[in-house]
Structures are given as structure tokens and as C-alpha cells.
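The values are calculated or read from the model by the stated rules, or taken from the named source; none is laboratory data. None of these values were measured; they are calculated from a predicted model. In this analysis, Cβ positions are derived from the backbone assuming ideal geometry, glycine residues included, and neighbour counts consider all displayed protein chains.
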Amino acid sequence: MKTEVVNPNVSNFIKSLRDVGYTLEVAAADILDNSITAKAKNIKIEFLPEPEMVFGLLDDGDGMTTKQLVEAMRLATKDPDQERDNNDLGRFGLGLKTASFSQCKKLTVITKRNRIVSAKQWDLDYIEVTNEWLLITPEKAEFEDLPLYGELLKQKSGTLVIWQKIDHFHKKDFSETIENLRNHLSLVFHRFLEGGVGVKALKISINNNLLKPFNPFNPSHAATQQLAEEKILINEKTIKIQPYILPHHSKISQTDYEKYGTNEGYTKSQGFYLYRANRLMIYGTWWGLHKSIDAHKLVRIKIDISNDQDKYWGIDIKKSTASPINELKSDLKRVIRQVTEKGSRPFTGRGRKIEDKFTTRFWELAAHNEGIKFILNSKHPIFERLYSDISDESRELLNLYLMGIQAYLPLDAIQAQLQQNPHKIRQEEALGEEEVEKLVETLKSSGLDQEYIDSLLKTEIFKNRKELLINGK
């Protein structure tokens, strides 16, 4: 067999390597994984827009020797099938490099172990010119003024990752970028920020501001439903599944409702939340096993796996996409059916109120051409009284007006507002106490018999205001 060496075009390869699809917050999370694996207790991030945009992440973990640092800078330094420590959040041995290259052209890693400081650097512009993967050992003068370097020197051990020549977003978006970074890390690493059984507490700060954990299941709220945990075995590996149903907006403050809706909103945040070794990997997805609908927007299902189950979930390099293998899908579908049936009750239960036979309502549901429609209740006692007191001509106009109200009920706008601003809807204020009292006086002045009073007491207006009609009649 005849062979020949065909090396890749380094310049073109670098461009492809940089275009993996990381956002800055996902890239930063990938770097932070290494710090957790290195047993860090404190992680500091400094992200400065001026004079030169620079990103620094310092941990107080184990640090590395010079030999270990060189190996860490190597692309694909580890076998993805290699057995790892239970707390190791890596897999491919690419995260540090691909995440960094996606955001910057100059990556410097400075590490301290056994009182020895080592530094190595990848400069993609230099690699492109030389057309070789030449790892740089920078002079101390090149990095001693970089953010957090002075703090690394004070520590017993640790590692500092520096991004320079950042070129994938504009400075005008800096404030929004910082906010997105804070939100993402607070969510993805919330278990480490919380601490607890089997998880050592971790402190993360961004520009000297400590992060607070954001648990997407709001488990401490009394109205959150935590359903029974289930365990699934696959090839002697255990998968833990814990469903939650978040509180309906009527049982939670507007601030908390908006907070737990996340920037994506409740509808897009429903579904599975996959944790690998306590790190949130994927969230807000049904993996094509179910459709996202508003009735299920409060359903969130936590899945916990160990770091040796990646092959069952198809986790990618960025740790931001995954897909369960076919052997798991039937169990996941069963869980979905069970949970979504319960998760829709806060909405379907309220929806049934319009069909409550013990209350005379203004609106009711009616069958129409194999579908349904909302219609005004023509048997409402106030409507019947009004209808009997007006002329035939006025009745025709009234009927036309009411049919127009029914036909052009703004269902889309109502639905949109219920999803986006449920706490801001003040529909009940359209009919105040003063207007109700005037209505009572008008009705009383026209003479009310007991039968009519009884019919009014069943209506939505008077069901909780019985004293207005009964007292002083």
C-alpha cells in the first residue's frame, strides 16, 4: 500500500475550528468546567472592555506543572472514551482550546503548582503566518500586567486563563454580554453555587460581583409540585428522573414569575433539564418527543446522569446539545405523558370554570362546525331584562353588536398577554364596586321579585356580593 503525508492547511483549519458555534457564555462555562475538575473553591472572572478587550478567569484549583500545561494546551489531549474521575466535567480534551478560539485569537494559560509558575500561549495570527502549530512560551513582561495575574501569585496554586484579541462581538453589546454571562453561569452551575450533599460549595464572581444560584425548578416555593423520582437502568448505569410542575402565576409574585420564566419565557423553557455530574448541560427541550404547548409550560423534568453515560445522550463538544438514544425514548415518552397530564391541570382546571353549571356566566362555550366557539350567554338574567325592555329595532342593533363582539374576540392578543404579562392583566377592574352599586340601585328601583334576585345571585357579578342584593331590598 502506497501512502503519503497530507497535512491540513493550518490557516483554513483554524477558521473552521473557530466556527464551532459557541456563544461567549457557553465558551466561558466550558473553561469553568476545567476549574471545577481541578477542585477549585473560588473562581474569579474579570471581563474588561478597555483599553483592549480582555477576559480573565482565575481559579484556586490544583494548578499544573509545566509538562501538564503543555499537554492541556494540546488539541484533543484526552481520549473521549477514557474513564474519568466522577467529578471530571470534561470529555473530549478540546474544551479549553475550542471554547477559547471561538472567542479570541490569543489564548494564554498561566498556572501555579508547587510554587512554580508556568505560562504557555496559542496565538492564531502567529500560527497562520508560520503555518505550523507552534506553542509559545511568553516572556513574563508580556503577561504580568494582565488581569488577575497578581492574585494568582498570592495563591498556593491555581490557573489563570486569558483571552486577548477578542473579535466575536462588539463593545456596544458589552453590558448585555455580561448580563447573559451572569445568567448562564448562575443556571448551569447552580448546584455548585448552592453546595450540598456530594457537591462542594463554589464561589464564582464576575467583575467582583458574586453570582447567586438560579435553580430553575423553584423547589422551595410551597406551590411547586415535586413529583416522585424515578430511576431507569441502562447497561447497569442509573438515570434519575425528577419531574416538577412550577407554580401557576396566580400563586407567585410577578417578580418571581418573570424570574423563573427566564429570558426564553415559560413556553420555551419547558421540558427536560439534563445534568451530567451536577453540571446542567441541556435545558428546555423535549428532544422531539413532545411538542411545546402553552398548557405544559410549567412542566420541567430533571434528569441526572454520571459522566460515563455520554454515549447514551450524544453530548457534543460544546455540551449544549444532546439527543437520547432510541433505547431511552420509550421511557422518556412515558414520563412525559404522566407529567404533562398533571402539568396541564393548572390551566385546564381554570378553563373548565366557564362550564360551571352552578354559576351563571357572561360567556359560555358552544359547539360549532365540529369545533367550539365562545359566545355570550343569552340566558343571563341581566341580558334577558335588558332585551325585554327595548324595541325590536334596538334588539336587532344589540344582536348585531353582540355577534360582532363574539366574532372578533381578540383571542390571539389575550393569549399573548397571558403568556407574557399575566400579572399585568387587570380585567376585573373593568367593573368596579361603584358601577356594581349603581347597577343594584337601578335594578332595585325597577322592582325585583325573589325569583329574579335568586337568578342574579348565581351570576359572576353578585356571587361574592350577595349582601348588595339581599340587604335593604
Q.
Need the failing condition index for Lys39 against (1) part of a helix (DSSP H, G or I); (2) at positive phi; (3) among the basic types (Lys, Arg), just the number.
A. (1)
Q) If we scan region 434-442, do we find a residue that is within 45 Å of the chain's Cα centre (by Cα) and more than 18 Å from Thr359 (Cβ to Cβ)? A) yes
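Just need a number here: residues in region 273-316 that are among the aromatic types (Phe, Trp, Tyr) and farther than 25 Å from Ser186 by Cβ. Quick ask: steps written out before the conclusion?
At the first step, the residues of region 273-316 found to be among the aromatic types (Phe, Trp, Tyr) are 273, 275, 283, 286-287, 312-313.
Among the residues that remain, those that are also farther than 25 Å from Ser186 by Cβ are: 312.
Result for region 273-316: 1.
Mind listing just one residue for me: the one in region 146-185 that is in a strand (DSSP E or B) and β-branched (Val, Ile, Thr) and, of those, nearest to Asp19 (Cα to Cα)? It would help to see each step written out before you state the result.
Of the residues in region 146-185, the ones in a strand (DSSP E or B) are 158-166.
Cutting the leftovers down to β-branched (Val, Ile, Thr) gives us 159, 161-162, 166.
Numbers: Thr159: 26, Val161: 20, Ile162: 20, Ile166: 14 Å.
Ranking the qualifying residues of region 146-185, first place goes to Ile166.
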**Q.** region 415-471 - residue that is closer than 27 Å to Ala295 by Cα and small (Gly, Ala, Ser) and, of those, surrounded by the most Cβ atoms within 10 Å (Cβ to Cβ)
**A.** Ala416
Q | Condition met for Gly21 (assigned to a strand (DSSP E or B) and either modelled with pLDDT of 90 or more or not hydroxyl-bearing (Ser, Thr, Tyr) (or both)) | A | no
Q. Is there any pair linking a residue in region 172-189 that is over 13 Å from Ala27 (Cα atoms) to one that is loosely packed, with under 15 Cβ neighbours inside 10 Å and at pLDDT 95 or above, with Cβ under 7 Å and at least six apart or on different chains, and which?
A. Ser186/Lys212
Q) Which members of region 42-72 meet the condition of being farther than 24 Å from Asp145 by Cβ and assigned to a loop (DSSP other than H, G, I, E, B)? A) Asp62, Thr65
Q: Name, by its number, the condition in (1) over 35 Å from the mean Cα position of the chain (by Cα); (2) loosely packed, with under 13 Cβ neighbours inside 10 Å; (3) farther than 25 Å from Asp60 by Cα that does not hold for Ile127.
A: (2)
